[in-house]
Amino acid sequence: MTYSRLLAVLAAWTLGSAHAGEVTVAVAANFAAPMQAIAAILEKTTGHKADIVTGATGRFYAQIKNGAPFDVFLAADNETPGKMEAEGLAVPGSRFTYAKGKLVLWSANPALIDAQGQVLKTGDFRKIAIAQPKVAPYGAAAMETITQLGLAGRLGPRLVLGESIGQTFSFISTGNAELGFVAMSQVFEGGKLKSGSMWAVPATLYRPIVQDAIILTRGKDNPAATALVALLKSERVKDLIRSYGYAL
């Protein structure tokens, strides 16, 4: 490389670094793994960094109402971002669907769950984990499924509630519950089950899990927030999201 070419490269790098920013993102726990991959793409392609905080959608809503410093919100439903937009907590017209989630029954034990989910009726287990239905949409979907199957009475005493779908996954993976309902994205990668055993819950047993993102008021003039949203809408990232078991 010539000296003049080196100077040009360094100048371009310095200019890019000077304009690189940071976006603070509140992310529903089910989307934690894909978001880490997306953040890496964001930094590589734009220089912007994403500071990711994961948790339950309902809890994020309460925190943002109380002034939590987030720029972008990726929820596990579409109702919460819609409510935020109506309440003036977000940029009007910035809401869009970034994924449609799928509920699964999962166990770290590769021999526990059968292909039809009959283990719920016949299996020998002590505890079954779900996310707190009041704050986590996947938890609400799990309760809908249990109710539709007519198993609320039988499984109620065995339920272990996680504060988010992330904590629910932790309960199951560590053996504190033998099985439980989680997001497919937590146990899928590259279109394959990573470990354990799984039953994909039929979509007829729970309401569609439509997941919306929105730019919050704090992120209105943040170029990093704008860049992240553009990336989420790109075909490259849509393919990545699908590989974790989401629909679009």
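The values are calculated or read from the model by the stated rules, or taken from the named source; none is laboratory data. Because the structure is a prediction, the values reported are computed rather than measured. No Cβ is skipped: glycine too gets one built from the backbone with ideal geometry, and neighbour counts run over all protein chains shown. In case anyone asks, the SASA skips ligands and DNA or RNA and just uses the protein heavy atoms, side chains included. Shrake-Rupley method; radii C 1.70, N 1.55, O 1.52, S 1.80 Å.
Computed over the chain, the alpha-carbon pair-distance distribution with 5 angstrom bins reads 1, 6, 13, 17, 17, 14, 10, 8, 5, 3, 2, 1, 1, 0, 0, 0, each value a whole percent.
Quick one: which of 100/220; 44/102; 83/238; 49/233; 127/192 span more than 23 angstrom between C-alpha atoms?
Working: 100/220 25 Å; 44/102 29 Å; 83/238 25 Å; 49/233 18 Å; 127/192 26 Å.
Over 23 Å Cα-Cα: 100/220; 44/102; 83/238; 127/192.
When each full DSSP H helix of the chain is screened for a Cα extent of at least 18 Å along its own axis and an average Kyte-Doolittle hydropathy of at least -0.5, the helices passing are 3-19, 32-46. Result for the chain in a Gaussian network model with C-alpha springs under 10 Å: among 26, 37, 140, the largest mean-square fluctuation is at 37. Pairs of Cα atoms nearer than 8 Å and 6+ residues apart set the relative contact order; for the range 59-195 it is 27 percent.
Between 235, 43, 163, the GNM of the chain built on Cα springs shorter than 10 angstrom shows 235 fluctuating the most. Which of rounded, prolate or oblate describes the range 23-68 when judged by the alpha-carbon gyration tensor and an a/c cut-off of 1.5? In terms of gyration-tensor shape, oblate. Comparing 101, 180, 47 in a Gaussian network model of the chain (Cα springs below 10 Å), the most mobile by mean-square fluctuation is 47.
Would you tally the net charge around residue 97, using a Cβ to Cβ cut-off of less than 14 Å, leaving residue 97 out, and scoring K and R as +1, D and E as -1? Charge balance near residue 97 sits at +1.
Please calculate how many Å² of accessible area the chain carries per residue, with a 1.4 Å probe and no DNA, RNA or ligand atoms counted. Display every interim value, and only then the final one.
On the way: 11740 Å² over 248 residues.
With all protein chains present, the chain gives 47 Å² per residue.
Quick one: check the C-alpha center-to-center distance for the range 150-229 versus the range 89-149, whole angstrom. Each part's Cα centre sits 6 Å from the other's.
Relative contact order (percent) for the range 36-92, with alpha-carbon contacts under 8 angstrom and 6 or more residues of separation?
Numbers: 23 pairs, mean separation 13.2, N = 57.
Relative contact order here is 23 percent.
Of the solvent-accessible surface of the chain, computed with a 1.4 Å probe and all protein chains present, 54% belongs to carbon and sulfur.
For the range 79-168, trypsin sites (Lys or Arg not before Pro) are listed when DSSP marks them as loop and at most 15 other Cβ atoms sit within 10 Å of their Cβ; the list is 126, 134.
Accessible surface of residue 114, taken over heavy atoms with a 1.4 Å probe and every protein chain present, rounds to 50 Å². Here the relative contact order of the chain, from alpha carbon pairs under 8 Å that lie six or more residues apart, stands at 30 percent.
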